[in-house]
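This report refers to the structure that appears directly beneath it.
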Amino acid sequence: VGTNVVVLTVTDINGNTNSCSASVTVEDNIDPVALCQPVTVQLDGNGTGLLDPADVNAGSSDACGIDAFTLSGNAFDCDDVGTQTVTLTVTDNNGNTATCDAVITIEDNVVPVALCQDATVQLDASGSVTLSPTDIDGGSAGACGVSSLVLSEDTFGCAEIGANVVTLIVIDINGNASTCSAVVTVEDNVAPSTICQDVTVQLNATGEGSL
């Protein structure tokens, strides 16, 4: 491929010869064959994932060889979870190109980090208290964000005075879940209510009376 010098030799019927030179330009204008395949990309603990063109290539070829593979997009994050379409561009050694599309499935299968902290709660005047999951959460996090926090038990009464072990369930926005445990100490520091009323005591024949 390119410019090549050739020599043409002419011989007549009596054996006389002469020659001349010519430039022969060889061109490759045939596009390569681009072949793609679907790929699944798993996000890491930071919520990011990278795709290599070789992962998408499904056997692309060219008669004179391939120079490079490039992707229309190779970096993904939490916003890309689901299916995305990328284009693979195949460039041969002579600058000809061809493209194909591939469906990329982005998945977040990393469970969130569940962090718990112990808590102390006070019973109210009715002898009960309700605990919020955020009271137990010690900074739980998911690569793509936390969707919800759920407690195994959130309502306590007189029967639970003392130490109680509860489980915090942390669920991220892609449905992955993890748990941690915390000790909830229930206290009753509410003084009882005292209500008095006046009474009249009758003394008996011996001058005594009891209340």
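Consider Ile195 against the criteria (1) farther than 29 Å from Gly139 by Cα; (2) in a strand (DSSP E or B); (3) of a type in the set (A, V, I, L, M): it satisfies all of them except one. Which criterion is unmet?
(2)
So, in segment 182-203, exactly how many residues are within 30 Å of Cys116 (Cβ to Cβ) and either modelled with pLDDT under 85 or surrounded by 10 or more Cβ atoms within 10 Å (Cβ to Cβ) (or both)?
Counting residues in segment 182-203 that are within 30 Å of Cys116 (Cβ to Cβ) and either modelled with pLDDT under 85 or surrounded by 10 or more Cβ atoms within 10 Å (Cβ to Cβ) (or both) gives 8.
Given Asn189, Asn176, Asn164, which one is under 35 Å from the mean Cα position of the chain (by Cα), at negative phi and in contact (Cβ under 8 Å) with a residue 40 or more places away in the chain?
The unique qualifying residue is Asn176.
Give Val146, Val110, Val90 a once-over and let me know the one that is of a type outside the set (Phe, Trp, Tyr) and in contact with a Phe, Trp or Tyr (Cβ under 7 Å, 6 or more places away or on another chain).
After applying the criteria, what remains is Val90.
Just the residues that are under 14 Å from Asp118 (Cα atoms) and either among the hydroxyl-bearing types (Ser, Thr, Tyr) or open to solvent by 50 Å² or more (accessible area, probe 1.4 Å) (or both), please, taken from segment 163-178.
Residues satisfying the conditions are Ala163, Val165, Thr167.
Across segment 101-117, which residue is farthest from Val166 (Cα to Cα) among those that are open to solvent by less than 20 Å² (accessible area, probe 1.4 Å) and not aliphatic (A, V, I, L, M)?
Of everything passing the filter in segment 101-117, Asp108 is farthest from Val166 (Cα to Cα).
Exactly one of these conditions fails for Thr206: (1) open to solvent by 80 Å² or more (accessible area, probe 1.4 Å); (2) among the hydroxyl-bearing types (Ser, Thr, Tyr); (3) in a strand (DSSP E or B). Give me its number.
With respect to (1) open to solvent by 80 Å² or more (accessible area, probe 1.4 Å); (2) among the hydroxyl-bearing types (Ser, Thr, Tyr); (3) in a strand (DSSP E or B), Thr206 is out only on (3).
Of the residues Ala68, Ala63, Ala22, only one is more than 30 Å from Asn109 (Cβ to Cβ), among the small types (Gly, Ala, Ser) and touching a Ser or Thr at 6+ places or on another chain (Cβ under 7 Å); which?
Ala68
Residue-wise test of (1) over 15 Å from the mean Cα position of the chain (by Cα); (2) in contact (Cβ under 8 Å) with a residue 24 or more places away in the chain.
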site: Thr70; (1), (2): yes, no
site: Asn74; (1), (2): yes, yes
site: Thr87; (1), (2): yes, no
site: Thr105; (1), (2): no, yes
site: Leu115; (1), (2): yes, yes
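Give me the residue from segment 131-162 that is aliphatic (A, V, I, L, M) and assigned to a loop (DSSP other than H, G, I, E, B) and, out of that set, least open to solvent (accessible area, probe 1.4 Å).
Among those residues, the one meeting the criterion is Leu131.
Can you pull out every residue in segment 67-82 that is open to solvent by less than 60 Å² (accessible area, probe 1.4 Å) and of a type in the set (A, V, I, L, M, F, W, C)?
If the condition is that a residue be open to solvent by less than 60 Å² (accessible area, probe 1.4 Å) and of a type in the set (A, V, I, L, M, F, W, C), then Ala68, Leu71, Phe76, Cys78, Val81 are the ones that fit.
Regarding segment 44-66, can at least one residue be identified that is in contact with a helix residue (DSSP H, G or I) (Cβ under 9 Å, 6 or more places away or on another chain), exposed (fewer than 13 other Cβ atoms within 10 Å of the Cβ) and without any contact (Cβ under 8 Å) to a residue 24 or more places away in the chain?
No, segment 44-66 contains no residue that is in contact with a helix residue (DSSP H, G or I) (Cβ under 9 Å, 6 or more places away or on another chain), exposed (fewer than 13 other Cβ atoms within 10 Å of the Cβ) and without any contact (Cβ under 8 Å) to a residue 24 or more places away in the chain.
Against the conditions (1) within 30 Å of Val1 (Cα to Cα); (2) assigned to a loop (DSSP other than H, G, I, E, B), where does Asp101 fall short? Just the number, please.
(2)
The values are calculated or read from the model by the stated rules, or taken from the named source; none is laboratory data. From a predicted model like this one, the values you see are computed outputs, not experimental measurements. Every residue, glycine as well, gets a Cβ built from its backbone with ideal geometry; the counts of neighbours run over all protein chains shown. Just the protein is used for accessible areas: all its heavy atoms, side chains included, with ligands, DNA and RNA removed. Shrake-Rupley method; radii C 1.70, N 1.55, O 1.52, S 1.80 Å.
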